[in-house]
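S.K.: Below you'll find the structure I mean.
The values are calculated or read from the model by the stated rules, or taken from the named source; none is laboratory data. Because the structure is predicted, anything quoted here is derived from the model rather than measured. Note: ideal-geometry Cβ built from the backbone for every residue, glycine included; neighbour counts use all protein chains shown.
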Amino acid sequence: MQRKTLWFTFWILACSYCIAHAGEAESREHKVSQLGVKGHYYVTGTVSRITDGAVFLKTGELREREFTIKEAHREKIKGLKVGDRITLELDEGDLIIDLSRGNAQELKGLEKKNRFVKGEVVGYEPLKKVVTLKLKDGEMKSYAMKDAAATYMNDIKMRTGVVLEIDKENNLVEDVKVQGEEY
């Protein structure tokens, strides 16, 4: 009898999970195709609450999105309050790579032209989130990184050729690709 109850409970939980997450992949594909940007998509939400170090957004998704107040300040977004509209740019790994005040539709017309830097990784300080590249002309240059880009750097070995996407608004590395990968 106990075995039947256990299997029934497992079956109910499995069905509930499938129903709860049924539309997520489809809605994400729709967002990517709407933007026309491979792998990156936007989510707009309303600030629902603010704690000591985090801001929480209610979006059309099943879960709340959150980011740190420190990230908002790096993006030059200050004075956030409950009810403000924020647009997040997410990469293919579902990590936040950019924040903007306002709706995605309002921001669509404002094209941002980030710059790209190619080089070979010669140093990386994960705690400071700083990467040092040896550029084509032999010059060594260091770049501060956003949290999402720093996460990807953990998988990249020294002496690997990379392309850094640098956000023109705050001069921070927004994305990292190994040379040869599609951008």
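S.K.: Given the conditions (1) surrounded by fewer than 16 Cβ atoms within 10 Å (Cβ to Cβ); (2) free of Cβ contacts under 8 Å to residues at least 60 places away in the same chain; (3) not small (Gly, Ala, Ser), report the number of the one that Leu88 does not fulfil.
M.R.: The one condition Leu88 does not meet is (1).
S.K.: Take the residues in the stretch 64-109 that are more than 11 Å from the chain's Cα centre (by Cα) and of a type in the set (Gly, Ala, Ser); name whichever of them is modelled with the lowest pLDDT.
M.R.: Gly109
S.K.: Six or more apart or on different chains, Cβ under 8 Å: which pairs go from a residue in the stretch 110-133 that's more than 21 Å from Arg159 (Cβ to Cβ) to one that's modelled with pLDDT under 90 and not in a strand (DSSP E or B)? Could you list them?
M.R.: Lys112/Asp167; Lys112/Lys168; Lys112/Glu169; Lys113/Lys168; Asn114/Asp167; Asn114/Lys168; Arg115/Lys168
S.K.: Of the residues in the stretch 118-164, how many are assigned to a strand (DSSP E or B) and among the small types (Gly, Ala, Ser)? Don't jump to the end; show me each part of the working.
M.R.: To start, the set of residues in the stretch 118-164 that are assigned to a strand (DSSP E or B) comprises 118-125, 130-134, 140-145, 161-164.
Checking which are among the small types (Gly, Ala, Ser) leaves us with 119, 123, 142, 144, 161.
The number of residues fulfilling the criteria is 5.
S.K.: Would you check which residues across the stretch 153-164 are under 17 Å from Asp94 (Cα atoms) and buried (at least 19 other Cβ atoms within 10 Å of the Cβ) and list them? Lay out the reasoning, then the answer.
M.R.: Applying the first criterion (under 17 Å from Asp94 (Cα atoms)) to the stretch 153-164 yields 153-155.
Matches in the stretch 153-164: Met153 only.
S.K.: Right, next: Just need a number here: residues in the stretch 165-180 that are without any contact (Cβ under 8 Å) to a residue 60 or more places away in the chain, of a type outside the set (Lys, Arg) and either surrounded by 12 or more Cβ atoms within 10 Å (Cβ to Cβ) or closer than 23 Å to Leu88 by Cβ (or both).
M.R.: The first filter runs over the stretch 165-180 and keeps only residues without any contact (Cβ under 8 Å) to a residue 60 or more places away in the chain, leaving 165-166, 168, 171, 173, 176-178, 180.
When the remaining residues are screened for being of a type outside the set (Lys, Arg), the result is 165-166, 171, 173, 176, 178, 180.
Checking the rest, the ones that are also either surrounded by 12 or more Cβ atoms within 10 Å (Cβ to Cβ) or closer than 23 Å to Leu88 by Cβ (or both) come to 165-166, 171, 173, 176, 178.
Residues meeting the conditions: 6.
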